[in-house]
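This report refers to the structure that appears directly beneath it.
The values are calculated or read from the model by the stated rules, or taken from the named source; none is laboratory data. Being a predicted model, the structure only gives us computed values, none of them experimental. FYI the Cβ positions are ideal-geometry reconstructions off the backbone, even for glycines, and counts take in every protein chain you see.
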Amino acid sequence: MNIPVELTKQPKTLPPAKEFGFGRFFSDHMAIVEYSKDGAGPSRSWKNPKVTPYAPIPLDPGAAVLHYGQELFEGLKAYRGDDGKVRLFRPEMNWKRMQAGAARICMQAPPLELFIEMLKSFCRVEDRWIPKEPKCAFYLRPTLIATEAFLGVRPSNDYLFYVIGSPVGSYYGEGSDTVKIKVETEFVRAAPGGIGAAKTGGNYAASLRAALEAKQEGFAQVLWLDTTKKHIEEVGTMNVFFKMNGKIVTPSLDGTILPGVTRDSVLRLLEEMGTPAEERPISLEEILTASHNGKLEEVFGTGTAASISPVDSLGINGERVRVGEGKTGPVASELLKRLTDIQYGRSEDTFGWTLAIG
Ligand SMILES: *Cc1c(COP(=O)(O)O)cnc(C)c1O
């Protein structure tokens, strides 16, 4: 597959790495492809993939995405290794998740080959945007939107898929090694039978209020509970792991939790380390009891943006729940090292997770 490229005539100035933050700057180009009619008949296909200068997208004000939220997004990073090579981390997992999300909210998603080719072509064009600085990466945001202008409630017939990119530093900024998390006891993120497992904007709209209130109270994110308020689900934009009573546990995927690529990778790394995690329902009660008995050793979030994010304490209804010694624990450090060593090409990729971009 050969994706045509139209280069920008106005390349931007690269921001210095210390100003990257997360998602503040966009690169010079975008990759884009449309799913639309083939001609006079009703048949449709993906056509005209291209890499073009980064620019606003013309969208009919009646487009379905703007009214009924038919939208999916993905998030993955291109890492520049110490050897100068650029690698994507498990991009086929992002494709798989987009397919699953598309099936749930009745969208058409691009086939695997197209998805991967667009990422690769885009990264090749944006080479100068892929940072060389340690801990930095080029965050890729594949996005799928419903574009048909029609106000009846039914799945759109037309779609647009595009990839944009942003050079990023560490998600929570410099110096903040561990984060404080608020156990959210009022709002819920997702319900059984709903769309919690789909990476769709609506889930984030539903989460903003709780996240904002948590931030005002001095927390980095919220820990979501299930609709019964008894079980742990996930943390804001991350999946969550606990080490308590000597065992590592994470909530099982029950349809309300986002199936993270980092979560899956961490499960496999833990197996490799000889300390496999249990995937099972985890009650809040259990966490509180473990903390009370001094047996809540570690809590950490996992996600592409922040990688492994150690939690130093949980806040619940104004009370503080201590986690271990309030600093990064040995399991979180070991996982962070193993994961980033693979991503940055520092260790052998025995799992076959990375895709080098030639
Ligand atoms: C994207 C996301 C995650 C993490 O998934 P990764 O594939 O590991 O980046 C976790 N929870 C939510 C709600 C997410 O949107």
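Being without any contact (Cβ under 8 Å) to a residue 40 or more places away in the chain and either within 22 Å of the chain's Cα centre (by Cα) or at positive phi (or both) is the filter here; which residues of the stretch 285-300 pass it?
The answer is Gly294, and nothing else.
Against the conditions (1) within 16 Å of the ligand (Cβ to nearest atom); (2) buried (at least 20 other Cβ atoms within 10 Å of the Cβ), where does Ala100 fall short? Just the number, please.
Looking at each condition in turn, Ala100 falls short on (2).
Taking the options Thr147, Thr200, name whichever one is within 15 Å of the ligand (Cβ to nearest atom), of a type in the set (Ser, Thr, Tyr), crowded, with 21+ Cβ neighbours inside 10 Å and under 28 Å from Pro91 (Cβ atoms).
Numbers: Thr147 fails: within 15 Å of the ligand (Cβ to nearest atom).
Checking each option against the conditions leaves just Thr200.
Within the stretch 235-258, take every residue that is at pLDDT 95 or above and of a type in the set (Ser, Thr, Tyr) and give me the one that is farthest from the ligand (Cβ to nearest atom).
Only one residue tops the list, namely Ser252.
Go through the stretch 18-49 and count every residue that is surrounded by 10 or more Cβ atoms within 10 Å (Cβ to Cβ), in contact with a strand residue (DSSP E or B) (Cβ under 8 Å, 6 or more places away or on another chain) and more than 15 Å from Gly165 (Cα to Cα).
12
Of the residues Glu184, Glu213, only one is within 16 Å of the ligand (Cβ to nearest atom), surrounded by 13 or more Cβ atoms within 10 Å (Cβ to Cβ), at pLDDT 95 or above and over 20 Å from the mean Cα position of the chain (by Cα); which?
Glu184
Being among the β-branched types (Val, Ile, Thr) and surrounded by fewer than 14 Cβ atoms within 10 Å (Cβ to Cβ) is the requirement here; does Thr275 meet it? So that I can check it myself, show each step before the final result.
Numbers: among the β-branched types (Val, Ile, Thr): yes; surrounded by fewer than 14 Cβ atoms within 10 Å (Cβ to Cβ): no.
Here the answer is no, as Thr275 does not meet what is asked.
Tell me, which strands (runs of 3 or more DSSP E) lie completely within the stretch 243-358 with 2 or more residues that are in the same structural domain as Ala198 (by TED's automatic domain parsing)?
Output list reads 247-250, 296-303, 307-316, 319-322.
Taking the stretch 63-83 on its own, how many of its residues are at pLDDT 95 or above, surrounded by fewer than 21 Cβ atoms within 10 Å (Cβ to Cβ) and in a loop (DSSP other than H, G, I, E, B)?
Adding up the residues that qualify gives 3.
Tell me which residues, restricted to the stretch 128-165, are out of contact with any Phe, Trp or Tyr (no Cβ under 7 Å at 6 or more places or on another chain), within 15 Å of Ile357 (Cβ to Cβ) and of a type in the set (A, V, I, L, M).
Leu140
With respect to Arg90, is the statement that it is modelled with pLDDT of 95 or more, touching a Ser or Thr at 6+ places or on another chain (Cβ under 8 Å), farther than 27 Å from Pro15 by Cα and crowded, with 20+ Cβ neighbours inside 10 Å true?
Details: modelled with pLDDT of 95 or more: yes; touching a Ser or Thr at 6+ places or on another chain (Cβ under 8 Å): yes; farther than 27 Å from Pro15 by Cα: yes; crowded, with 20+ Cβ neighbours inside 10 Å: yes.
For Arg90, the condition - modelled with pLDDT of 95 or more, touching a Ser or Thr at 6+ places or on another chain (Cβ under 8 Å), farther than 27 Å from Pro15 by Cα and crowded, with 20+ Cβ neighbours inside 10 Å - is met.
Does Val163 count as in contact with a Lys or Arg (Cβ under 8 Å, 6 or more places away or on another chain), within 16 Å of the ligand (Cβ to nearest atom) and outside the structural domain of Gly303 (by TED's automatic domain parsing)?
Working: in contact with a Lys or Arg (Cβ under 8 Å, 6 or more places away or on another chain): yes; within 16 Å of the ligand (Cβ to nearest atom): yes; outside the structural domain of Gly303 (by TED's automatic domain parsing): yes.
Yes.
Say we look at the stretch 139-174 and pick out the residues that are aromatic (Phe, Trp, Tyr) and closer than 21 Å to Ser307 by Cα; which of these is modelled with the lowest pLDDT? Write out each step before concluding.
To start, the set of residues in the stretch 139-174 that are aromatic (Phe, Trp, Tyr) comprises 139, 150, 159, 161-162, 171-172.
Going one step further and asking which of them are closer than 21 Å to Ser307 by Cα, we end up with 139, 171-172.
Numbers: Tyr139: 98, Tyr171: 64, Tyr172: 56.
Selected residue: Tyr172.
Out of Ile130, Ile116, report the one residue that is of a type outside the set (Lys, Arg), touching a strand residue (DSSP E or B) at 6+ places or on another chain (Cβ under 7 Å) and modelled with pLDDT of 95 or more.
On inspection, the qualifying residue turns out to be Ile130.
What are the residue pairs meeting all of these: first residue in the stretch 259-284, first residue more than 16 Å from the ligand (Cβ to nearest atom), second residue part of a helix (DSSP H, G or I), Cβ atoms under 6 Å, and 6 or more apart or on different chains?
Within 6 Å, the pairs are Pro276/Leu270.
Here are some residues: Asp158, Asp226. Which one is in contact with a Ser or Thr (Cβ under 6 Å, 6 or more places away or on another chain), crowded, with 19+ Cβ neighbours inside 10 Å and acidic (Asp, Glu)?
Asp158
Only one residue in Ala332, Ala290, Ala277, Ala305 is at pLDDT below 95 and of a type in the set (A, V, I, L, M, F, W, C), so which one is that?
Ala305 is the lone residue from the list that is at pLDDT below 95 and of a type in the set (A, V, I, L, M, F, W, C).
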